Amino acid sequence: MVLVSAVRDYVNRMLQDISGMKVLVLDAQTVSVVSVVYSQSELLKKEVFLVEMVDSVSKSRESMSHLKAVCFLRPTSENVQHLRRQLASPRFGEYHLFFSNILKDTQIHVLADSDELEIVQQVQEFYADFVAIDPFHFTLNIPTNHMYMLPAVVDPPRLQQFCDQVVDGVTAVFLAMKRRPVIRYQRTSDIAKRIAQEASKLMYQQESGLFDFRRTEVAPLLLIIDRRDDPVTPLLNQWTYQAMVHELLGIEDNKVDLRSMEKLPTDQQEVVLSSEQDAFFKANMYENFGDIGMNIKRMVDEFQQLAKSNQSIQTIEDMAKFVDNYPEYRKMHGNVSKHVTLVTEMSKIVEERKLMVVSETEQELACNGGQVAAFEAVTNLLNNESVSNIDRLRLVMLYALRYEKESPVQLMQLFNKLAARSAKYKPGLVQFLLKQAGVDKRTGDLFGNRDFLNIARNMARGLKGVENVYTQHQPLLFQTMESIIKGRLRDVDYPFVGNHFQQGRPQEVVIFIVGGTTYEESRSVALQNASNVGVRFILGGSVILNSRRFLKDLEEAQRIARSSTNMV
């Protein structure tokens, strides 16, 4: 069972057994959970005539006793307080309460005490405490994502909150899958260890009864790793469709906001990019930019043929046929213009920021050796007036991650040049990245130069040549998945929690990246799953990153770290 269908199933069960007109009450998190798997027209079919946020429901006094409230909320103390106020002076005729995770006994007592008018019809736990972006990719959309970079002493309560939300999200995934996993974590990461131990405590001690599912021959694996083990992937420009849209335009809950673009009709100012609802996107989301252009041209040609055939309406039969096909025609028209708009806008950005030139150097830095040539290429791009500030910063970061030990003198020269060229550059940001994710902090063989097998593989790849210079990079996650499939994930680097060990190769693996995933990694997972090796991977993270978000988190963590050292 994949994630999207699991969440859809929960939403169906919430709505189908309650007859009559309904209002769906959500919070800031569950609105994302529902919106990625259920369209507004589908909600209408289930007689949901209104969607309201829980905090605004409490403020309004307008009575709507003809509506039944279906509340789907995270079991937080704020939400329980909102419901208390609601139940004291209810606006709706009935209340059906569904929580996205485990409710505490005290919360159940509070709700029971508040329901003096006995309008609560049911209270249930439906474990959809994660946003199912794609069938094998979920996110938790944690706003304070930068917390994972900070030592525990800086802000213990907020770090605890961050860890709690990750543990809640990960345990909900396993409750939805009806499995209890064996848990491993990245040894060099304190936060990965902490989350792994807290998740294990919840699944094997505090709520062991809830996780007592029918055993599979080999327990599934939950592997918790740290974003800082591969800081390269979120810094790279992307050239496959879904990843590129997120990098250049930004995707949030499968929606792309295009309001900043001029002369767009109102219905196209926010477009949906979902593999569940858009056949063209599903077929092309992992294709590279060059092929997308060709495929869109083919789609435009097909649409023009259809439009031509619609122009030749001669008889009443033709008219009836056109009316029957009109919804499909409208849908195809919307789809064609959506993809044409996206690709046109991205082409403009690629041209403006000279991303073809920038990206070639990025890929060289990420995939091939050659420090002298790399230094020259980065220096030339720093001097190039057409290269934007964010691209200059990313190039210096990639160079620093690759050659921090080999060329400290050249690295200092690049820092100085970057500071001189970019007025907005925050001093020390590259050094902060190295402190967070430099070679001494990493577990995996990020650049394929520690392990003999990886060195040989890189040489072979260099000799064969690559199909596409812009997409030669493979995320570190790809190697991690290969190690799991071959049973080579070392216990020393990725220890087990407690005394629950893996007997044989797992068939289901959830890899959770603390600090966020990228669409390049979710593509890697989808392609791995399609290759049918007998292991199914699911990828999850605290957020979905593009380079801007990764840098924003880095800046925020640096700001807090600095102010906390000043306070001491």
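The values are calculated or read from the model by the stated rules, or taken from the named source; none is laboratory data. Computed from a predicted model, the values in this text were never measured in an experiment. No Cβ is skipped: glycine too gets one built from the backbone with ideal geometry, and neighbour counts run over all protein chains shown. Surface areas here come from the heavy atoms of the whole protein model, side chains and all, with no ligands, DNA or RNA. Shrake-Rupley method; radii C 1.70, N 1.55, O 1.52, S 1.80 Å.
Laid out as a table, the results:
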read-out	value
Between segment 49-116 and segment 366-412, the alpha-carbon center distance in angstrom	54 Å
Rounded to the nearest 10 Å², the accessible area of residue 505 at probe 1.4 Å	100 Å²
Estimated FRET transfer efficiency (residue 412, residue 356; beta-carbon r; R0 25 Å; 0.05)	0.30
Fully extended contour minus Cα-Cα distance, from residue 532 to residue 60, at 0.36 nm per residue	164.6 nm
Contour minus Cα-Cα distance for residue 49 and residue 263 (0.36 nm per residue)	73.9 nm
Portion, in percent, of the accessible area of segment 116-161 that falls on carbon or sulfur, probe 1.4 Å	54 percent
Contour minus Cα-Cα distance for residue 214 and residue 405 (0.36 nm per residue)	63.7 nm
Mean Cβ count within 10 Å, highest first, over the residues of peptides 274-286, 513-525	513-525, 274-286
Surface accessible to a 1.4 Å probe, per residue, for the residues of the chain, Å²	47 Å²
Cα-based equivalent ellipsoid of the chain: semi-axis lengths in Å, sorted from largest, via gyration tensor	40, 33, 24
Residues in segment 501-516 that a label on residue 204 would reach, taking backbone N under 20 Å of a point 7 Å out along Cα→Cβ	501-512
222 nm mean residue ellipticity, helices alone, for the chain (DSSP H n ≥ 4; -39,500 (n - 2.57); rounded to 500)	-16000 deg cm²/dmol
Listed residues 424, 417 arranged by accessible area, highest first, probe 1.4 Å	424, 417
Fraction of antiparallel bridges per DSSP, the chain only, in percent to nearest 5	20 percent
Cα-based reach from residue 45 at 17 Å (exclusive), listing lysines while leaving out same-chain residues under 8 positions away	22, 68
For residue 52, distant residues with modelled amide H under 5 Å away	24, 25, 26
Förster radius 45 Å - calculated FRET efficiency between residue 385 and residue 178, Cβ distance, rounded to 0.05	0.20
Point-to-point label distance, residue 552-residue 103, nm (Cα→Cβ direction, 7 Å offset)	3.5 nm
Inter-label distance for residue 483 and residue 40, nm, one decimal - labels placed 7 Å from Cα along Cα-to-Cβ	4.7 nm
Amide N of segment 512-539 lying under 15 Å from the label point, which is placed 7 angstrom from the Cα of residue 501 along Cα→Cβ	none
Of all accessible heavy-atom area on segment 489-528, the percent that carbon and sulfur account for (1.4 Å)	48 percent
